[in-house]
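The values are calculated or read from the model by the stated rules, or taken from the named source; none is laboratory data. Because the structure is predicted, anything quoted here is derived from the model rather than measured. Virtual Cβ from ideal backbone geometry, glycine too; neighbours counted across all protein chains shown.
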Amino acid sequence: MMLGNFKVPDKELKVSVSMSFGSEKLGGQTSGTDTAHKGIKPKTVYVSLLIPFDDAKSLTELTAIAEAVTENGNLKIYDIVEPAANAMKIRQVQFCDSFDVREDYNLLAWQVDFNVQEYKSVAEKTEQRQQTAKAKPQAAAGTTVSSDDDSADDAPVTGIEKFVAGLDKALS
């Protein structure tokens with residue numbers, strides 16, 4: 001497994017990938033099974049490995065990779081090379097959730113577990129392309145009429161207005 005230019009130690013390396021779907025149950029307190037789809041969430045790669053006590057340098061380097069940030073203070077993004085991740089179309093990741101190190105004196109090694117999350121997922125890119133452009137303001141052709149205009153009395157009278165005016169005269 002490679003994260004950028006760093007080769008992750010591969011002693012007892014185990015990788016699993018998780019993909020979750022955002023949804024909300026629409027049944028309320030009933031037994032209804034309808035759900036509202038809220039998008040495909042970024043995939044997460046779970047990594048577990050052993051680093052022997054006599055290879056402390058590898059643990060130090062891996063920790064530095066996990067803690068690395070950009071000039072803006074954001075976690076660094078890494079290209080990932082790992083068969084399961086690449087098969088699920090994960091190309092870039094950044095560390096997320098947790099980075100755990102436990103001593104195992106029976107194996108004389110550190111048990112290291114960490115998670116990396118997909119960055120700019122295929123679903124996210126697709127969703128961004130599908131977003132519609134903001135609506136442009138529309139203007140009607142012709143003269144703009146405002147309510148504070150004194151020339152409103154000179155405006156042409158419609159048929160219904162003529163009928164109402166005639167009915168008003170007849171009743172008065």
Among the residues of the stretch 101-112, is any more than 13 Å from residue 44 (Cβ to Cβ), acidic (Asp, Glu) and either surrounded by fewer than 12 Cβ atoms within 10 Å (Cβ to Cβ) or at pLDDT 95 or above (or both)?
yes
Given the conditions (1) closer than 18 Å to residue 9 by Cα; (2) loosely packed, with under 11 Cβ neighbours inside 10 Å; (3) polar (S, T, N, Q), report the number of the one that residue 74 does not fulfil.
(1)
Of 15, 47, the only residue that is among the β-branched types (Val, Ile, Thr), out of contact with any helix residue (DSSP H, G or I) (no Cβ under 9 Å at 6 or more places or on another chain), in a strand (DSSP E or B) and under 25 Å from residue 113 (Cα atoms) is 47
Identify all residues within the stretch 64-92 that are within 13 Å of residue 116 (Cα to Cα) and polar (S, T, N, Q); write none if there are none.
92
Would you tally the residues in the stretch 75-99 being over 15 Å from residue 16 (Cβ atoms) and of a type outside the set (Ser, Thr, Tyr)?
11
Please work out which residue is farthest from residue 99 (Cα to Cα), limiting yourself to the stretch 19-70 and to residues that are touching a Ser or Thr at 6+ places or on another chain (Cβ under 7 Å) and surrounded by 13 or more Cβ atoms within 10 Å (Cβ to Cβ).
35
Are any residues in the stretch 68-89 within 20 Å of the chain's Cα centre (by Cα), assigned to a loop (DSSP other than H, G, I, E, B) and within 13 Å of residue 46 (Cα to Cα), and if so, which ones?
none
